[in-house]
Structure formats: C-alpha cells, structure tokens
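A.B. asks: First, the structure itself, so that you have it in front of you.
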Amino acid sequence: MKKIKLNISKAASFLSQGAVQAYEPKVKAAQQALEQGTCPGNDFLGWLHLPSSITTAFLQEIQDCANTLREKCDTIVVAGIGGSYLGARAVIEALSNSFSWLVQDPKNPTIVFAGNNIGEDYLYELSQYLKGKKFGVINISKSGTTTETALAFRLLKKQCEDQRGKEEAKDVIVAITDATKGAARAAATKEGYKTFVIPDNVGGRFSVLTPVGLLPIACAGFDIQALVKGATDMEKETGVDVPFNENIAAQYAAVRNGLYNELGKKIEIMVNYQPKLHFFSEWWKQLYGESEGKDNKGIYPSSCDFTTDLHSMGQWIQEGERTIFETVISVEESNHTLLFPSDEENLDGLNFLAGKRVDDVNKMAELGTQLAHVDGGVPNILVTVPQLNEYYLGQLIYFFEIACGISGNVLEVNPFNQPGVEAYKKNMFALLEKPGYEAESKAIKERLQSEQ
C-alpha cells in the first residue's frame, strides 16, 4: 500500500544550509513531551494513539447506528460547530460526488450541516428544505450549551418530532456528547436517544477519528474501517522512535517553524488543486489556528483553492508582501478519466491539448504555479496523496494532527487549549442578557454608551 509523501526541498532551500536538520533536537523533545505527557495541555492527548486503540467492535457499533439512520432517513442533519463538524465534512466532501447535493441519491442519504452559524436565513431555509423529508439528526456537543449548536438542535428536534412523531423521532436522533454530564447528555437520557461519547481527553479539533467524525462519515456511506486503518498506519510511520529524516510529521513541523522563526514567514497558505478538498483546508485551518495562535505568536493558517483562486489571489501571492509560504496538497491520481476533445474550428486554440486527460492539464498548472511562486520568493512544501479515498485521507488527518502537536510544542504554546475563543462568547451572553451575566451586561452597555 502506498503512503502520503512530503517534499520540503522547495521550502528548505530558502533557509540557511542545515537549518531544518538543526531543528531535530527541538522536534524530538517536542514529540517526546507528547509521548510522555509532560507538555502543556497533557490532559488532552487522547488523540495521540487513538487510531491504534479503536477496536473492530467499536467501529461495528458506529456502523450499526449509521445503518439504522441510513435505512430510516433520506436526509441526515449533522449539528455541530468547529471540530464537531469540520472533520466529518472534510472527509464527506472529499469523497462525495461534487453534485450529489443536486439530486437525492437513492443509495445514500443527503448529509447537511447546521449548528455552525446563527444565520436566521440559513436556518429558515434549512427548515423549508427539510419539510416533507424523512430526516434524522446527529447532535454533536460535549456540553449541549454551545449557542450555535444548541439553537439549531432545538429547532431541528421540534421539526423532526412534528414531522415524524415523538416516538419515531427518538429513533433517528443521535447524541454525541459527554459521558455523564452536560445539557446534551441530560436531554439524551431523558428522551432515550442513542448516544456516543466524546472522550474527555480529546479536544474538538482532534476528534474526527472519534464518533464525532466517524458516525457522519459512515452515514454518508464511506468506509470508516479504511479511514481508521490509514490513520493507524500513519501513527506508526510518525512514531516517536522513527528517525527524523524518515518522520514526515517531524520534518513538516521543523521546516514550518524554521520559516517562521528565521525568515518571518507568518502566513501559511494551504493549497489544493482539487475542489473536493476545500473543506479539508477548512478543517486544517481550525486545527492549526486554534492550536498555535496564542501568546501573541503563531503562523496564521490560510487557504486557497487552485486554480480558481489564482485568478483572484494569484497576484498577491506572486508579488505581494513576502511573509507567506505554501503547503500544497497534490493528488497523484484522480478517480475518473476525462479526455479533452478536438474541435475542427479550434477557435479557442486548444487543439494542442486534444486527447490529453484533464488531470494532466491540472498537473501542469500545479507544477507551473509552484515554479512561479518559488521564483517569486514563496517557499513551497509539497504533500503528495496517491488518491482521494478513505485510507489516504486517514493518513492525511493523522499526519497533520501529530505534526500540529509537535509544532505547537516547538513554538512553546499549549496546542490543546483555546482560551481566546471564550472572549466573544462572554460578550455575546452579556449583550443577550443571559442569566448569570448581569454584571458583564451592565459593564458592556456602559462601554457601548461611552463609545457613542
């Protein structure tokens, strides 16, 4: 079986000779701290050996639940925000037919997402879409009180019960939540929903290989055993005892920290040449942004979909401020073959491409862009994926997770907390006059009056 590959040569060449290798002691120490549980945030290391700890029986329990939902539902709404939905969506979008949302697939339910925003129009339009649908809900929330998700779930629960009846709705609503506490756990127990546990020691952005990601992915009809197998194999390939020059996660962590510290490259752009990987980039942005953006430091994660964004962001990337580097995900083999046709009149002048695969054209655009950007002063890291399938996506997920843990430790931040996320929530609750926030509400009103 093939594996994903890393090529850092077109990034390391921007650094002083031996700079990447010089990070070996720091990277090794950072990974040892993860392995020994001595790093900041060590109570959230449950993801580290999660792939290899998943049993066949556990995967079967998830698959059985997915089969029930697939049998009883034509549409499944996944309610969650941040890590509670991005990992699942990344995999589902990467593997799905690009136009599956246009036509109901008789073999697979339509998977839609809610609870990741407070857009009134979005939620109203979702409720209209679900009218007449045999829909179910996967509610993902450790606490059950996250505003965006709780608001959406209350609406979805009511509509599901109104359309299917309370007893039938009970069989198509699943809660993925805390083992013993929280509003979502209490509601699930009261209503008799099927439940799965979000492990206490796994943070949301590292949770795609828990039921948080596995159940929606299985509901969409994809092979969660292959996904976990890919992650398990990558866990071995990037283990703490693997030599630095063979450990692609260690090398990735080293080169990006070298670019940041030595050259002031403060922005990393995740680039893909497959539209199916758009939400993988969104998952990656949360993983690295929430893990490293602390203590007034950290590389800012951004993303672009090429070649589309070459016609909007390409100019800035080529000739703008030189504070960026790119990490490119390159898919070696597409899943379908489409040949470019010949045209007798050749008005567009493209007959020189006749008979070539469209993917060959895409690959040359990829290579040409890489050469241009490197010449323009943009370091390029290349991650090559043999094919878009469950196994290689499992590899890719674990590769970025372990590299993130290592990189955060090298940066000397806690990669597993997110204290800054709470700031907006406190202000929002104060403005909404939530009970218990009376003092904050008074203070923020006085502040707003003084600023008028």
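A.B. asks: Name the pairs: first residue in segment 193-210 and over 25 Å from S281 (Cα atoms), second residue open to solvent by 40 Å² or more (accessible area, probe 1.4 Å), Cβ to Cβ under 6 Å, at least 6 apart or on different chains?
C.D. replies: Partner pairs satisfying both residue conditions: V197/A179.
A.B. asks: Hey, can you tell me all the residues within segment 334-358 that are surrounded by 12 or more Cβ atoms within 10 Å (Cβ to Cβ) and in contact with an Asp or Glu (Cβ under 9 Å, 6 or more places away or on another chain)?
C.D. replies: S334, F340, L350, N351, L353, A354
A.B. asks: Out of segment 420-443, which residues are more than 20 Å from G204 (Cβ to Cβ) and outside any helix (DSSP H, G or I)?
C.D. replies: L432, E433, K434, P435, G436, Y437
A.B. asks: Among (1) assigned to a loop (DSSP other than H, G, I, E, B); (2) in contact (Cβ under 8 Å) with a residue 24 or more places away in the chain; (3) in contact with a Ser or Thr (Cβ under 8 Å, 6 or more places away or on another chain), which single condition is K107 missing?
C.D. replies: Checking K107 against (1) assigned to a loop (DSSP other than H, G, I, E, B); (2) in contact (Cβ under 8 Å) with a residue 24 or more places away in the chain; (3) in contact with a Ser or Thr (Cβ under 8 Å, 6 or more places away or on another chain), the one that fails is (3).
A.B. asks: If you don't mind, another one. How about segment 363-400: which of its residues are surrounded by fewer than 17 Cβ atoms within 10 Å (Cβ to Cβ) and under 26 Å from the mean Cα position of the chain (by Cα)?
C.D. replies: Of everything in segment 363-400, those that are surrounded by fewer than 17 Cβ atoms within 10 Å (Cβ to Cβ) and under 26 Å from the mean Cα position of the chain (by Cα) turn out to be K363, A365, L367, T384, P386, Q387.
A.B. asks: Name the single residue that is least open to solvent (accessible area, probe 1.4 Å) among those in segment 294-318 being assigned to a loop (DSSP other than H, G, I, E, B) and more than 28 Å from E262 (Cβ to Cβ).
C.D. replies: Filtering segment 294-318 for residues that are assigned to a loop (DSSP other than H, G, I, E, B) and more than 28 Å from E262 (Cβ to Cβ), the one least open to solvent (accessible area, probe 1.4 Å) comes out as T307.
A.B. asks: To continue, here is another question. Filter segment 55-80 down to residues that are among the β-branched types (V, I, T) and open to solvent by less than 30 Å² (accessible area, probe 1.4 Å), then give me how many there are.
C.D. replies: Residues in segment 55-80 being among the β-branched types (V, I, T) and open to solvent by less than 30 Å² (accessible area, probe 1.4 Å): 5 in total.
A.B. asks: Select, from G377, G368, the only residue that is closer than 24 Å to A12 by Cα and either assigned to a helix (DSSP H, G or I) or without any contact (Cβ under 8 Å) to a residue 12 or more places away in the chain (or both).
C.D. replies: It is G368.
A.B. asks: Still on this model: Do we have any residue at all in segment 139-149 that's open to solvent by 30 Å² or more (accessible area, probe 1.4 Å), within 18 Å of T195 (Cβ to Cβ) and touching a residue at least 60 places away in the same chain (Cβ under 8 Å)?
C.D. replies: yes
A.B. asks: Right, something else. Scan segment 167-197 for residues that are buried (at least 24 other Cβ atoms within 10 Å of the Cβ), closer than 30 Å to G408 by Cβ and in contact with a Lys or Arg (Cβ under 6 Å, 6 or more places away or on another chain) and jot them down.
C.D. replies: Scanning segment 167-197 gives a single hit, T177.
A.B. asks: A further question follows. Here are some residues: E290, E326, E282, E321. Which one is surrounded by fewer than 16 Cβ atoms within 10 Å (Cβ to Cβ) and not aromatic (F, W, Y)?
C.D. replies: Details: E290 fails: surrounded by fewer than 16 Cβ atoms within 10 Å (Cβ to Cβ); E326 fails: surrounded by fewer than 16 Cβ atoms within 10 Å (Cβ to Cβ); E282 fails: surrounded by fewer than 16 Cβ atoms within 10 Å (Cβ to Cβ).
Within the list E290, E326, E282, E321, the selection yields E321.
A.B. asks: Now a separate question. In this structure, is N417 open to solvent by 30 Å² or more (accessible area, probe 1.4 Å) and part of a helix (DSSP H, G or I)?
C.D. replies: Values: open to solvent by 30 Å² or more (accessible area, probe 1.4 Å): yes; part of a helix (DSSP H, G or I): no.
In short, no.
A.B. asks: Next question, about the same structure. What do you reckon, is A403 small (G, A, S), open to solvent by 10 Å² or more (accessible area, probe 1.4 Å) and not in a loop (DSSP other than H, G, I, E, B)?
C.D. replies: Numbers: small (G, A, S): yes; open to solvent by 10 Å² or more (accessible area, probe 1.4 Å): no; not in a loop (DSSP other than H, G, I, E, B): yes.
Criteria not met by A403.
A.B. asks: Could I ask something else about it? If you go through segment 15-32 one residue at a time, do you hit one that is in contact with a helix residue (DSSP H, G or I) (Cβ under 7 Å, 6 or more places away or on another chain) and more than 30 Å from G377 (Cα to Cα)?
C.D. replies: Within segment 15-32, one or more residues are in contact with a helix residue (DSSP H, G or I) (Cβ under 7 Å, 6 or more places away or on another chain) and more than 30 Å from G377 (Cα to Cα).
A.B. asks: Further question: Right, G119: of a type outside the set (S, T, N, Q) and under 25 Å from K285 (Cβ atoms) or not? Steps first, answer last, please.
C.D. replies: Numbers: of a type outside the set (S, T, N, Q): yes; under 25 Å from K285 (Cβ atoms): yes.
When the stated conditions are applied, G119 passes them.
A.B. asks: Sort through G41, G37, G87 and tell me the only one that's without any contact (Cβ under 8 Å) to a residue 60 or more places away in the chain, open to solvent by less than 70 Å² (accessible area, probe 1.4 Å) and under 21 Å from A231 (Cβ atoms). Walk me through it before giving the result.
C.D. replies: Details: G41 fails: without any contact (Cβ under 8 Å) to a residue 60 or more places away in the chain; G87 fails: without any contact (Cβ under 8 Å) to a residue 60 or more places away in the chain.
Going through G41, G37, G87 in turn, the sole match is G37.
A.B. asks: Scan the helices (runs of 4 or more DSSP H) fully inside segment 128-247 and keep the ones with 2 or more residues being modelled with pLDDT under 95 and of a type in the set (V, I, T).
C.D. replies: Values: elements: 147-164, 166-170, 183-191, 211-219, 224-237.
The qualifying helices (runs of 4 or more DSSP H) are 147-164.
A.B. asks: Still on this structure, I have one more. Quick check on segment 329-339. Is at least one of its residues assigned to a loop (DSSP other than H, G, I, E, B) and either closer than 20 Å to Y288 by Cβ or not polar (S, T, N, Q) (or both)?
C.D. replies: yes
Per-residue answers, yes or no, for (1) touching a strand residue (DSSP E or B) at 6+ places or on another chain (Cβ under 7 Å); (2) more than 22 Å from N97 (Cα to Cα); (3) open to solvent by 20 Å² or more (accessible area, probe 1.4 Å):
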| position | (1), (2), (3) |
| --- | --- |
| G213 | no, no, no |
| I217 | no, no, no |
| T232 | no, yes, yes |
| Y252 | yes, yes, no |
| Y260 | no, yes, yes |
| G264 | no, yes, yes |
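The values are calculated or read from the model by the stated rules, or taken from the named source; none is laboratory data. From a predicted model like this one, the values you see are computed outputs, not experimental measurements. Neighbour counts run over all protein chains shown; Cβ positions are idealised from the backbone, glycine included. The area values use the complete protein model at the heavy-atom level, side chains included, leaving out ligands, DNA and RNA. Shrake-Rupley method; radii C 1.70, N 1.55, O 1.52, S 1.80 Å.
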